[in-house]
Structure formats: structure tokens, C-alpha cells
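Structure first, commentary second.
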Protein chains: 2
Amino acid sequence: MADGPQSSESLLFLTDEQLRKGIEAMFFAYRDFTADPDRILLTKGYGRAHHRAIHFIHRAPGTTVNNLLSILGVTKQSLNRVLRSLIEDGLVESRVGRRDKRERHLFLTEAGETLERELSDAQRARMRTAYREAGPEAVTGFRTVLEAMMDPELRRHYMAMKEGG
Amino acid sequence: MADGPQSSESLLFLTDEQLRKGIEAMFFAYRDFTADPDRILLTKGYGRAHHRAIHFIHRAPGTTVNNLLSILGVTKQSLNRVLRSLIEDGLVESRVGRRDKRERHLFLTEAGETLERELSDAQRARMRTAYREAGPEAVTGFRTVLEAMMDPELRRHYMAMKEGG
DNA sequence: CTTGGAAAGTCAACAAGGCTGACATAAAAT
DNA sequence: ATTTTATGTCAGCCTTGTTGACTTTCCAAG
């Protein structure tokens with residue numbers, strides 16, 4: 001390792017103390033980040049798992065079950081339980097694939113889109129306030145660090161959705 | 001609302017699209033952020049709840065159960081279950097308070113400190129790599145946004161621990 | 001000294017949402 | 001014709017959160 005005043009100064013942000021602060025900031029921020037949608041979901045009898053399914057179906061309408069599975073990183077049994085209740089309640093529609101009839105393509109119904117909007121409005125409101133408070137440069141840094149924190153292999157799910165859709 | 005080229009350009013980071021990217025970045029990054037300790041915990045028969053207890057007892061040795069409760073934001077029944085197994089396994093020591101004998105002061109044993117180090121080494125390694133990749137300015141922005149995202153009321157738990165000790 | 005209330009622990013019951021394993025069905029691919 | 005893939009489903013288990021009820025310990029105010 002190189003040392004001297006210059007490098008030891010520029011690497012101050014890599015001390016264990018700095019890293020610990022980052023770790024705790026992640027814990028507390030994520031807790032509050034999920035709190036607003038959680039409150040809404042509770043009143044509807046849903047949980048965070050339903051929110052995630054709704055979010056990504058909204059983002060990629062017509063996505064298959066398998067695709068959703070690999071984005072969420074859970075088992076099909078886990079996802080199926082959530083998906084079944086959303087379909088029964090008329091928030092999600094499952095259409096048999098035209099080309100490949102084994103596949104089910106997932107869409108939000110009107111009611112599903114309404115709930116999605118309610119949930120994401122709440123989450124965006126918090127994010128917007130934080131972004132406005134922090135400023136554009138901080139936001140760039142925020143995103144940069146989060147992306148660097150992702151597993152390189154799993155990052156593709158994020159990158160695939162990053163450019164919009 | 002003010003408009004014109006200047007303000008619409010400087011507020012680009014507040015569009016719904018930008019906010020959505022931030023929301024998804026939080027989801028994916030947090031998932032991977034917790035993955036390393038989760039793997040270690042699995043081999044020891046513990047879960048994320050045990051990690052959180054261990055982390056904050058390490059940070060504030062001698063903390064009371066009530067204090068830990070308010071930091072973690074769970075019920076005493078939930079925490080008690082976790083704490084009991086850690087005490088039984090000899091990772092945590094619970095000492096009756098000297099002044100107030102109702103209070104229990106919590107400490108990590110040698111074995112507890114060893115596991116703590118193993119867990120935090122893994123988590124710091126990922127954080128360190130991300131920080132190094134992103135650079136000091138990005139790290140500042142990262143922390144600024146996370147802090148702005150916390151509930152003002154609950155932020156005190158983070159702030160209290162922020163300065164170390 | 002008695003009593004009220006705070007701190008802590010415990011028991012029971014429940015729910016969400018992960019997991020594994022086993023099995024069924026339909027359709028595509030070989 | 002057989003194998004593989006995509007999906008769904010049943011049963012059961014675990015962790016970790018919840019509420020409610022109850023007890024013990026002990027400080028502090030009356």
C-alpha cells in the first residue's frame with residue numbers, strides 16, 4: 001500500500017468507521033424507505049411481497065412468471081402465493097402466451113394500476129423530498145454507490161430496467 | 001411553479017423516471033448488501049434479526065434491552081426470542097443493572113465479538129469495494145441522500161450513533 | 001410502608017413470506 | 001416418442017414480525 005499525507009487523506013472515506021456509518025445509514029434508510037407503502041399495504045391486507053410483484057409487473061407489462069422470478073430472486077412457490085391472491089382480487093391479469101402457450105404474461109388491471117400508483121406515489125414522495133434536500137450532485141453519488149454495491153451478476157436486472165420501458 | 005430552461009434542467013433529477021430508478025436501486029442494492037452476512041448466518045442457524053442485535057450490542061456495549069428495542073423498532077417479544085437464543089449460545093451476556101436492577105445490560109462475549117467481526121468484515125468488504133469504485137464525492141452524496149430519506153423523528157437513533165463511541 | 005407504574009421476561013397464538021420437496025399438466029424442443 | 005421447460009399446486013417447515021395476557025422485580029411517590 002502507498003502511504004504519505006496525500007493518499008491517507010484521500011482514503012479517509014474508506015476507514016472502518018466510515019464504512020460502519022454507511023452500513024447503519026443503509027439499515028435506517030431502508031427501514032423508513034419501505035414504511036410508507038407498508039402502511040398502505042397493511043390496510044389492504046397485502047405485504048411487501050405483493051408490492052414488489054405489482055411494481056415490476058407495472059414496469060414490464062406482459063412479463064412472464066419466470067422473468068419475474070429471476071428479478072425478485074424468490075422461489076416460484078413464494079411468488080405464486082402472492083400472485084394468486086393478486087389475480088383472485090382482480091389486480092393482476094394472467095394471459096396465456098400466444099407463441100409459447102406454456103408462458104403466462106402478467107398485466108395489471110385498472111384496479112392494479114390504481115394501487116400501484118398509490119404505492120409509488122407514497123414512495124416517490126419520500127424519495128423526492130430526500131433528493132430535493134440533498135441536491136443533484138448528491139443524488140448522482142447516491143446512485144453510483146448503490147449500483148457499485150450490487151452483485152455484478154445480478155446487476156443486469158437493474159441495468160435492464162434502468163433505461164426505462 | 002417556476003419554469004424556463006434553467007429550472008427545468010436543474011430539476012431533471014426529480015422526474016418520476018429518476019425517482020423510479022432510485023427506488024429500484026435501493027431495492028437491488030439492499031438485497032445484495034444483506035446477502036453476505038445472510039450466508040454466514042445461515043451456516044450458524046441464525047437470521048438477520050440476530051445480526052442486527054449483535055451489531056448494535058457491539059456498537060453500544062452495555063445498552064439496555066429497552067434502548068435496543070427503540071433502535072431496532074421491533075416488539076420486545078420479537079427481540080426477546082432472538083436475545084434468548086444468543087444468550088443461551090453464549091454469544092451475548094446479560095448483566096443486571098447496578099443502579100436499576102430491573103434493567104439488563106447487554107454485552108457480547110468473546111464468541112459474540114468473533115461472530116460480529118466475521119459478519120461485519122463481510123459487509124464492510126462489499127461496502128469498501130463500492131466506496132472505492134464510486135469515489136469520495138459519490139460517498140458523500142450517498143450518505144446525504146440516505147440521511148435525508150430517514151424519518152426525521154427516527155433519525156435520532158442514527159445521529160446518536162453517528163459520531164462513534 | 002404501601003402502592004403505582006416502569007422494565008423486563010414469558011407464554012400462547014397468529015400471519016407474512018421466505019424455503020424445500022414432490023407431483024401434475026401442458027407445450028415446446030429434440 | 002421422449003425429454004425438457006414453464007407453470008401451478010399441495011404440504012410442511014423456519015424466521016421474524018405481530019397482539020394480548022400475565023408475572024416478577026424494583027424504583028419512586030404518596
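The values are calculated or read from the model by the stated rules, or taken from the named source; none is laboratory data. Note that the coordinates shown come from a computational prediction; the quantities given were computed from them, not determined experimentally. Glycine gets a Cβ as well: all are built from the backbone with ideal geometry, and neighbour counts include every protein chain shown. Calculation scope for accessible area: heavy atoms of the full protein, side chains included, ligands and nucleic acids excluded. Shrake-Rupley method; radii C 1.70, N 1.55, O 1.52, S 1.80 Å.
When the range B:111-143 is examined, which residues are found to be under 13 Å from A:Gly22 (Cβ atoms) and among the β-branched types (Val, Ile, Thr)?
B:Thr129, B:Val139, B:Thr140
Quick check on the range A:149-165: of everything there that is out of contact with any Asp or Glu (no Cβ under 7 Å at 6 or more places or on another chain) and within 7 Å of chain B (Cβ to nearest Cβ), which residue is least open to solvent (accessible area, probe 1.4 Å)?
Top of the filtered list is A:His157.
Exactly one condition in (1) within 12 Å of DNA strand D (Cβ to nearest atom); (2) more than 14 Å from every other protein chain (Cβ to nearest Cβ); (3) buried (at least 19 other Cβ atoms within 10 Å of the Cβ) is not met by A:Leu68; state its number.
Every condition holds for A:Leu68 apart from (2).
For the range A:80-93, give me each residue that is more than 12 Å from DNA strand C (Cβ to nearest atom) and open to solvent by less than 50 Å² (accessible area, probe 1.4 Å).
Matches in the range A:80-93: A:Gly90, A:Leu91, A:Val92.
Would you check which residues across the range B:59-68 are free of Cβ contacts under 8 Å to residues at least 60 places away in the same chain, assigned to a helix (DSSP H, G or I) and not hydrophobic (A, V, I, L, M, F, W, C) and list them?
B:Asn66, B:Asn67
Assess whether B:Thr129 counts as being farther than 28 Å from A:Thr34 by Cα, assigned to a helix (DSSP H, G or I), away from DNA strand D (no atom under 16 Å from the Cβ) and open to solvent by 40 Å² or more (accessible area, probe 1.4 Å).
When the stated conditions are applied, B:Thr129 does not pass them.
Does A:Val139 satisfy being closer than 29 Å to B:Tyr131 by Cβ, assigned to a helix (DSSP H, G or I) and hydrophobic (A, V, I, L, M, F, W, C)?
The answer is yes for A:Val139.
Out of A:Leu119, A:Leu106, A:Leu146, I need the residue that is surrounded by 14 or more Cβ atoms within 10 Å (Cβ to Cβ), more than 7 Å from chain B (Cβ to nearest Cβ) and in a helix (DSSP H, G or I). Which one?
A:Leu119
Only one of these conditions is not met by B:Met149: (1) within 25 Å of B:Asp36 (Cβ to Cβ); (2) within 16 Å of DNA strand D (Cβ to nearest atom). Which number is it?
Only one criterion is unmet by B:Met149, namely (2).
State which residue is farthest from the other protein chains (Cβ to nearest Cβ) when the search covers only the range B:20-62 and only residues that are buried (at least 19 other Cβ atoms within 10 Å of the Cβ) and of a type in the set (Ser, Thr, Tyr).
B:Tyr46
Taking only pairs six or more apart or across chains, which ones have beta-carbon atoms under 7 Å, a first residue in the range B:111-122 that is closer than 12 Å to B:Ile57 by Cα, and a second residue that is open to solvent by less than 10 Å² (accessible area, probe 1.4 Å)?
B:Gly112/B:Ile54; B:Gly112/B:Val92; B:Glu116/B:Ile54
The conditions are (1) near DNA strand D (Cβ under 10 Å from one of its atoms); (2) part of a helix (DSSP H, G or I), and A:Ala25 fails exactly one of them. Which is it?
Of the numbered conditions (1) near DNA strand D (Cβ under 10 Å from one of its atoms); (2) part of a helix (DSSP H, G or I), the odd one out for A:Ala25 is (1).
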